[in-house]
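Input: a single structure, listed below in structure tokens.
The values are calculated or read from the model by the stated rules, or taken from the named source; none is laboratory data. Only a predicted model underlies this, so the values are computations on that prediction, with no experimental measurement involved. So basically every Cβ, Gly included, is an ideal-geometry build from the backbone, and we count neighbours across all protein chains shown. Quick note on the areas: whole protein, heavy atoms, side chains included, nothing else; ligands and nucleic acids left out. Shrake-Rupley method; radii C 1.70, N 1.55, O 1.52, S 1.80 Å.
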Amino acid sequence: MDKLDEIPVLPLPEPSWNYRDNISALCFSQQGEENRQRNRPCQDRCGLRVLKARPIFIAAVADGIEACILGDYGAEVAVHSVLDFLEENLEEQASKTGFRLKDKNMAPLLEEAMQHAYDSVKEAAEKAGQLVSAMQSTLTFAVYDGNTLYFAHAGDGGIVVLYNNKEYELVTARHKKEKNAYPLQNTDIWEWGVSQEVAAFALATGGVLNTFVRGENENNRVYFPFLVPAFFASENSKEDVHRTCQEWYGYMLTEKYRSRTAEDLSFAVIVNQKTVQYIGQPEFDNEKWKRQTKMYKEKRAHASEAEKENTEETPLPKKKTAPLIQKEAEVEEELDEKQQDEKEEEKEVQEQPKERGREGKIKKKQSSSSIVQAVQKLFAKIRRLLQGDGEDWDDDFDEDDDFEDEELDKKAKVKKQKKQETKRRSESEEDETE
């Protein structure tokens, strides 16, 4: 295939579910309202596998990057390639006596799985005659044995975990800038980890995750009531899991849920039914949640107001008005004239007789100090004008009138001294002549 038109639209996979040794699992993807209205294919994909040798579950979700013309292909390849890779490698090991998941074995395997998905997408793009940038997607996957969870992740989706002690949290980072997710192809963001004593967990792409996990500016708070129907459905057979899967699939098609997000959706849930039935539901303080929501809302409002005030105090040069630029030029011109006068004054002091050198040095020091003061005050004027105080030059600096008068007096005294010295020299020369 060397032409984009020849690449067929991929069908969206049907929901899948499973149940084995008290562990239930389900996953599905749905087209979001935005892509439905634009007649674009769903960019999300998900997948689920269970090893034959042991009850080890593998799940993955991916979201094709919106700007990519074949993001759905990238997500499809990423999900299925990583599931195939993990299933093949783990199945062989799980068949051995005494096998269990260990950190020293899983750490390199997770990294290799990410690399395999990366390479598979690149190869698929080349076969389709496309750049790999056309098939970029996020990728999040997990391996679970009923207690220990290993995971790897790249993108704006994530994994929310419920522990045996009833605590819960988002265990992955959100790799995105503003609203743009970083894809699997950005290898610098790859992360993998392990969580122990896990009772249940959910994988979700950004479209789902954002509806029940708040942003990083709110410490990734998890609205746990959203997950209660998925984690505590009391499933004891494949039929029970199938029913729960259908209920969730139908719920996410409702207008009520669709009003909260227009993005494509992928959702996977894996639960150790025996453990969750034993520990029971964690307590959730809804009033505390509301108080925190109000607090964060006020913080954002204050931050926005402060940013607005800061912008008004320090306007960008391109926003200067013509009169303000003209005033600034006048200030600079007056500054140059003042500095020139000070230089002439210093020159006159230096030309006085050597026997008056000490007085000259003192006057020179005073003159230098005057220059510094004048420069500081003039730049202060410039800053106030740039901040748009709206006051006239003279009105803004009435307090400096005495300073300017003093400077004029000093200049007059220097000139008077110079004339007197010239007169004394002339009279002395006439006496010597006589």
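The single residue among TRP248, TRP192 that is outside any loop (DSSP other than H, G, I, E, B) and modelled with pLDDT under 95 turns out to be TRP192.
Here's the yes/no breakdown for (1) open to solvent by less than 10 Å² (accessible area, probe 1.4 Å); (2) touching a Leu at 6+ places or on another chain (Cβ under 7 Å); (3) at positive phi; (4) not in a helix (DSSP H, G or I):
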| site | (1), (2), (3), (4) |
| --- | --- |
| ALA199 | yes, yes, no, yes |
| LEU203 | yes, no, no, yes |
| ASN217 | no, no, no, no |
| ASN220 | no, yes, yes, yes |
| GLU235 | yes, no, no, yes |
| ASP240 | no, no, no, no |
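Note on the range 108-150: residues that are closer than 29 Å to ALA199 by Cβ, in contact with a Phe, Trp or Tyr (Cβ under 7 Å, 6 or more places away or on another chain) and open to solvent by 10 Å² or more (accessible area, probe 1.4 Å) amount to 1. Contact map, the range 58-86: residues that are within 16 Å of ASN186 (Cα to Cα) and among the charged types (D, E, K, R) paired with residues that are part of a loop (DSSP other than H, G, I, E, B) and open to solvent by less than 40 Å² (accessible area, probe 1.4 Å), Cβ distance under 7 Å, separation 6+ or inter-chain. Pairs shown: ASP63/GLN43; ASP63/THR138; ASP63/GLY155; ASP63/GLY157; ASP63/THR205; ASP63/ASP264; GLU66/GLN43. For the range 83-91, the criterion of being within 26 Å of the chain's Cα centre (by Cα), within 29 Å of PHE231 (Cα to Cα) and among the hydrophobic types (A, V, I, L, M, F, W, C) is met by none of the residues.
The criterion of being of a type in the set (A, V, I, L, M), in a helix (DSSP H, G or I) and either in contact with a helix residue (DSSP H, G or I) (Cβ under 7 Å, 6 or more places away or on another chain) or open to solvent by 10 Å² or more (accessible area, probe 1.4 Å) (or both) holds for ALA230.
So, LEU162, is that one hydrophobic (A, V, I, L, M, F, W, C), in contact with a Lys or Arg (Cβ under 9 Å, 6 or more places away or on another chain) and open to solvent by less than 30 Å² (accessible area, probe 1.4 Å) or not? For LEU162, the condition - hydrophobic (A, V, I, L, M, F, W, C), in contact with a Lys or Arg (Cβ under 9 Å, 6 or more places away or on another chain) and open to solvent by less than 30 Å² (accessible area, probe 1.4 Å) - is not met.
Cβ separations smaller than 7 Å between residues 6+ apart or across chains give the following pairs from the range 100-128 residues that are more than 22 Å from TYR182 (Cα to Cα) to residues that are polar (S, T, N, Q) and surrounded by fewer than 19 Cβ atoms within 10 Å (Cβ to Cβ): LEU101/THR148; LEU109/ASN89.
Yes/no per residue for (1) closer than 15 Å to ASN22 by Cα; (2) at pLDDT below 95; (3) over 33 Å from the mean Cα position of the chain (by Cα):
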site: VAL228; (1), (2), (3): no, no, no
site: PHE231; (1), (2), (3): yes, no, no
site: LYS274; (1), (2), (3): yes, no, yes
site: ILE279; (1), (2), (3): yes, no, yes
site: GLU298; (1), (2), (3): no, yes, no
site: ALA306; (1), (2), (3): no, yes, no
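Taking the range 252-288 as the range and being touching a residue at least 40 places away in the same chain (Cβ under 8 Å), open to solvent by 20 Å² or more (accessible area, probe 1.4 Å), in a helix (DSSP H, G or I) and out of contact with any Lys or Arg (no Cβ under 8 Å at 6 or more places or on another chain) as the test, the residues that pass are ARG258, LYS274, THR275, GLN277, ASN286.
Residue-wise test of (1) at positive phi; (2) touching a Gly at 6+ places or on another chain (Cβ under 9 Å).
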residue: ASN39; (1), (2): yes, no
residue: ASP44; (1), (2): no, yes
residue: LEU48; (1), (2): no, no
residue: VAL61; (1), (2): no, yes
residue: VAL79; (1), (2): no, yes
residue: VAL82; (1), (2): no, yes
residue: GLU87; (1), (2): no, no
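Being modelled with pLDDT of 95 or more, in a helix (DSSP H, G or I) and within 28 Å of the chain's Cα centre (by Cα) narrows it down to one of ALA134, ALA113, so name that one. Step by step, each of ALA134, ALA113 is checked, and only ALA113 is modelled with pLDDT of 95 or more, in a helix (DSSP H, G or I) and within 28 Å of the chain's Cα centre (by Cα). Among the residues making up the range 76-110, a single one is aromatic (Phe, Trp, Tyr) and in a helix (DSSP H, G or I): PHE85. The residues of the range 34-47 that are open to solvent by less than 70 Å² (accessible area, probe 1.4 Å) and either without any contact (Cβ under 8 Å) to a residue 60 or more places away in the chain or farther than 16 Å from PHE267 by Cβ (or both), listed by number, are ASN35, ARG40, PRO41, GLY47.
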